[in-house]
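Only one structure is covered here, and it is reproduced in the block below.
The values are calculated or read from the model by the stated rules, or taken from the named source; none is laboratory data. Being a predicted model, the structure only gives us computed values, none of them experimental. For neighbour counting, all protein chains shown are included, and Cβ atoms are generated from backbone atoms with ideal geometry for every residue, glycine included. We work out accessible area using only protein heavy atoms, side chains counted, and drop any ligands, DNA or RNA first. Shrake-Rupley method; radii C 1.70, N 1.55, O 1.52, S 1.80 Å.
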Amino acid sequence: MNNQISNLYINLKAIDMLVRILEIEHYNKTTPNPDAVYRNQINKITPYQLAWIDHLLQFGISAQLTITLPRKGVKTKIRNKSVTVYQISRNQYRSMDCYRELVKELEIIFTGSYNNWPRKAFNFKGALEQSDEPDLIWHIHLLVKDNSDNKICFLYRLCWSVQKLIYKYRFDDNVMDIQSIYNEKGICNYICKQIKNHRNLSRNEGSYIFDLVTMFRIKEKKIKPIKFHPIYKLKILIYFGLYLKVKGWFKAFIYNPIDKLLVVDKRHYRRQFEIDVLPYFDSLYFGI
């Protein structure tokens, strides 16, 4: 019973994340922002960065996944010893090791296969970046390529995988963030903002681009395209309909990862629940 509740919770959270992503995408598409530096290409770009931007634009980007390791980390047992893993760090190499393991876990969840996940993996181009002072901590951006036959199914599967990982390690929601890409030039410009010619670096490698080849030695030609089964598409529609039906109720409950309980948010519960009819979208947009 607990597993069924957990699975339902994860699926509804994934739908909630998907709806938010599509709403933001539509808003950004229809709302010009003259002050957006990277979107409008009004920042200074070096020839080295321009070469990387041109390279990334040939990739074909569908979504951006930003991952920032948590400050507290995750406590686990290795050889009967309590060890903290997946913790944010100023050390570039230690951080990249953590991100490599986290991305591998995400790929395994996404594909549903522990041994054959490289053949079914979602493809990406990534960038390792360091935050501004005083933090100087490392995070990654993944530009994800949609190699499937349906964008909505692909985004839902990605959201579901992220929510599965958040649920497993009790991550905060700000550890992983997904955005649907509507402006490829702008996002490539943003990704390359810290890229510098390595000949001009002294102590560490600085920000750099990576992909499945450099991270896992997986060649792009070995990745098979994803074809979603009609039943899977139907399942998403059912969960989406269920989400709209119980949206007010769902928002009124908060998951407590420590006690593994759904706790009522009384302030929200007192409100009159009204279903958001998503005015931004045509119903055919979800005709998957």
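So here's what we get for this one:
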quantity	calculated
Lone qualifier among L143, L158, L106 - being of a type in the set (A, V, I, L, M), in contact (Cβ under 8 Å) with a residue 40 or more places away in the chain, part of a strand (DSSP E or B) and within 22 Å of F228 (Cα to Cα)	L143
Total residues in the stretch 49-72, condition closer than 27 Å to R90 by Cα and open to solvent by 30 Å² or more (accessible area, probe 1.4 Å)	4
Residues of the stretch 185-214 classified as at pLDDT 90 or above, buried (at least 17 other Cβ atoms within 10 Å of the Cβ) and not in a strand (DSSP E or B), total	8
Some residue of the stretch 9-26 being of a type in the set (G, A, S) and touching a Lys or Arg at 6+ places or on another chain (Cβ under 7 Å)	no
Options S131, S148: the member that is open to solvent by less than 70 Å² (accessible area, probe 1.4 Å), without any contact (Cβ under 8 Å) to a residue 40 or more places away in the chain and either within 25 Å of T46 (Cβ to Cβ) or among the polar types (S, T, N, Q) (or both)	S131
Strands (runs of 3 or more DSSP E) within the stretch 1-99 that include 3 or more residues within 25 Å of K193 (Cα to Cα) and not aromatic (F, W, Y)	63-67
